[in-house]
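To start, the structure under review is shown below, and the notes come after it.
All of the numbers you see were taken from the coordinates with simple rules; none came from a lab. Keep in mind that this is a model prediction, so the values were computed, not measured. Glycine also receives a Cβ, built like all others from the backbone with ideal geometry; neighbour counts cover every protein chain displayed.
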């Protein structure tokens, strides 16, 4: 054991108080003994000159060994009457049994002392969980330990093992190894990739296995808080795919008992009035109540449907309003468009804009592009960012048809990866054509649509909207333009599958794939014969620098870290010992020693605001006019950097315009970004990386980071990770500069090996993911036994909502709550909070809390806010309502969902906007809405124990989010059950919670 650390794994999670025993002991010895402690790490001991005692401490690392030695020494001082026991700082021990047992005792012993835990140490009216997790400093210090202890528990949860033959995280890896040995394949071939910054790091594991019966390789790609969890999840995915492929059998061993079974059942009494109504209802339906139902027969395929008929309410017939073009032939429409086009050419304003468009590099390739599109079904256009392909190619196609007298036969669909791109590009194209939006150019994104004229038009839409449009076929569509094809996701791959089938059936359909960094080989192999048009680069050259160049250029020296940050950094390094190598530790020999030293002091994936300020100073010293575009990974970083710059002595002056560009920014504020500003500083996520072009940008500062959202269906966890942007993304961001003159790009990452490049390939989804999706749809009665859509499924397929939320909305219409639930469905789907929260505040203000109106529900609070906004609009007009909407960050999504439902032949009375009453102590609609939310958000349900503490469906520990109306001191709830929109990992927070009752009086 000599020279080794003794690893002790306790059953409990240890947390020190804010003072810390080491700092306390250091201060006491300085004051009373005029000396300092001396730690010896090999013997894990502590000595103090003048005191004949050696404190000994063992732990998993030096830091904890110091703490334990200091605690041992402090206990010696207490025993020798040299120190009063009451002076010792408290150390709390949170037992895991306490986290899973609501009835556990709340008095806990102090570690190292024998006096009981005293509630007075926490302050009046609070509890120990609130005190621990409300202390920001304590969260920062112990976040790695919480990730390892609580996070691993959350990841081990499995809701779906029963539909995958009983295979779970506990038994999958051993079975996979057996299969690999039996089929003589190598064991342990797993590729790991680190994801996220040092303080919030997770890992991605990838592996393949050859399935002999299928004669193909199965691929799995899973994430975890550490390499072990990522590897186990990856092995589980492979085993489940092998099970569904018939390669291995179902699991027959003994299963581990779920912690949820240990949570005591909640009993409640049914009011006689409610029981009588239920009995009467069952009698009308001809159903016999069975209070103790037998277990279902797993071999039976019999289904019971309680829906009696699908008859809708009668509608009053109304005369259809016809447009002028409805009575014209296609030839007449084409002649009309040609005449309007010729009139535009005579317009001086249009001629000036046409001259600007002609200056773009893509204009030199106009004839070649049109000829290639006409003679090939699939055309690949590769042109560097800034050449004008996104706005000009659709206009080339439309104008060529109009000028040839066939304008009515042209209908172009253009897909964009983001809704803000689709909207802004449609507005830009309408501006270039001297038209209002909705004439020959329109857009369609989720919850918002401005359609163009039916013939001779261009429609911008998101990929998800495009997929829904393709369900009804593409009759009348002449061209599909898929822009930024390199930004592939599930919807893009699904769309490409449909397009490949459609071009076989419709030889007249033309498909154009565009990107600055398209992998031509991938798409040529996928579609077969494809024509390629390569365009020249951007209008002006861009000089770019990497992190070592930036540090050397401005002689940057990182600010000294305070002691707390040093300790935090050290602990992060110890906890994440298996993390990837910090590339900042390696500096090329051609740079001076000062640069190497500065790089070593800069942690990877942490954005140095002081370096950004130094680069801005360098840019100002260059005396070159032009805006600065700064790429950041998310809204929180944007808000923090904006606040940092607004307090900067130079950039807080009025001459500098700091503009955030993000989907949370109101539309009017987004448009300000596109107006020329000589000293503008734009803070944006990757939405400004492609499609959107800010013309006056000359300088780009790139953090080289992106934030992604990941959801794991197996354990129902949502996680957000900050990852490195790819080489392709860096090239796209660099291309944002140089639109008006020579540009400059500063990438805040080391250059590294530019030859290492991971090419994207079109891959099918894992088999186990497909099985889970089909199972979920069958469980919801959206699919029948023949995998055909049921009437409910046909409705859900056309709604822009996740299926469970869509079903919730359909049920709400039966209760006459369609209008209210449309808003809440949009709220849950978009994940947008109804309240504005400044970056420096974590909890809601008193004014915001009042919208809760004693409902104990974030969802009903959002509904109340919306009704206040709607009433304001009715009383004082749209301007007052829009102002309130912008201040509260509200959305009119409910109105748009309502219109979609009416278009699906829903009775308009079912979507009545009758306000829900929030002025009484009890309103039946509140309980109905809570019950509907529970059905739509299941299995996101939790049991409330005390304070902020919840137990989720799997019996695991979670906390009410601090921005919830249910996060308040001394909160009491009529019923202990909650439903919630999202469960964020790894320290689990339940967002947007609603208290619900199993049975409520009508």
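Looking at the stretch 409-502, send over the antiparallel percent of its DSSP beta bridges, to the nearest 5.
20
Which of the peptides 217-230, 161-174 is most tightly packed, and how do the rest follow, going by the mean number of other Cβ atoms within 10 Å of each residue?
217-230, 161-174
Multiplying the sequence separation of residue 431 and residue 367 by 0.36 nm and subtracting their Cα-Cα distance, what value in nm do you get?
That works out to 20.7 nm of additional length.
Among 724, 869, what is the fewest-to-most ranking by other Cβ atoms within 10 Å?
So the residues, fewest neighbours to most, are 724, 869.
Taking the simple approach of a point 7 Å from Cα along Cα-to-Cβ for both residue 814 and residue 228, what is their distance in nm?
Roughly 4.8 nm, to one decimal.
Using per-residue counts of other Cβ atoms within 10 Å, averaged over each peptide, order 591-598, 802-809 from highest down.
802-809, 591-598
Within the stretch 375-389, which residues have the backbone N less than 19 Å from the label spot 7 Å out from residue 529 along Cα→beta-carbon, could you tell me?
Flagged as within label range: 375-381.
With a Förster radius of 30 Å, plug the Cβ-Cβ distance of residue 357 and residue 672 into 1/(1 + (r/R0)^6) and report the FRET value to the nearest 0.05.
0.80
For the stretch 332-534, what relative contact order do you get, as a whole percent, if you take Cα pairs closer than 8 Å and at least 6 residues apart?
Result for the stretch 332-534 is 28 percent.
Over all directions, the average projected area of the alpha-carbon convex hull for the stretch 332-534 comes to how many nm²?
Orientation-averaged projected area of the Cα hull: 10.6 nm².
Once fully extended, how much extra length lies between residue 779 and residue 81, figured as 0.36 nm per residue of separation less the alpha-carbon to alpha-carbon distance?
Stretched out fully, the residue 779 to residue 81 stretch lengthens by 244.5 nm.
Determine, from the Cβ-Cβ distance of residue 184 and residue 58 and an R0 of 41 Å, the FRET efficiency 1/(1 + (r/R0)^6), rounded to the nearest 0.05.
Calculated transfer efficiency: 0.35.
Give me the extension gain from residue 922 to residue 451: residue separation times 0.36 nm, minus the current Cα-Cα distance, reported in nm with one decimal.
Working it through step by step, the gained length comes to 165.2 nm.
Please list 934-946, 639-651 highest first by mean number of surrounding beta-carbon atoms within 10 Å per residue.
With the highest mean Cβ count within 10 Å placed first, the list reads 934-946, 639-651.
Roughly how many Å is it from the Cα centre of the stretch 335-357 to that of the stretch 434-451, as a whole number?
Rounded to whole Å, the Cα centres lie 20 Å apart.
Give the calculated FRET efficiency between residue 339 and residue 643 to the nearest 0.05, with a Förster radius of 41 Å applied to their Cβ-Cβ distance.
The value I calculate is 0.15.
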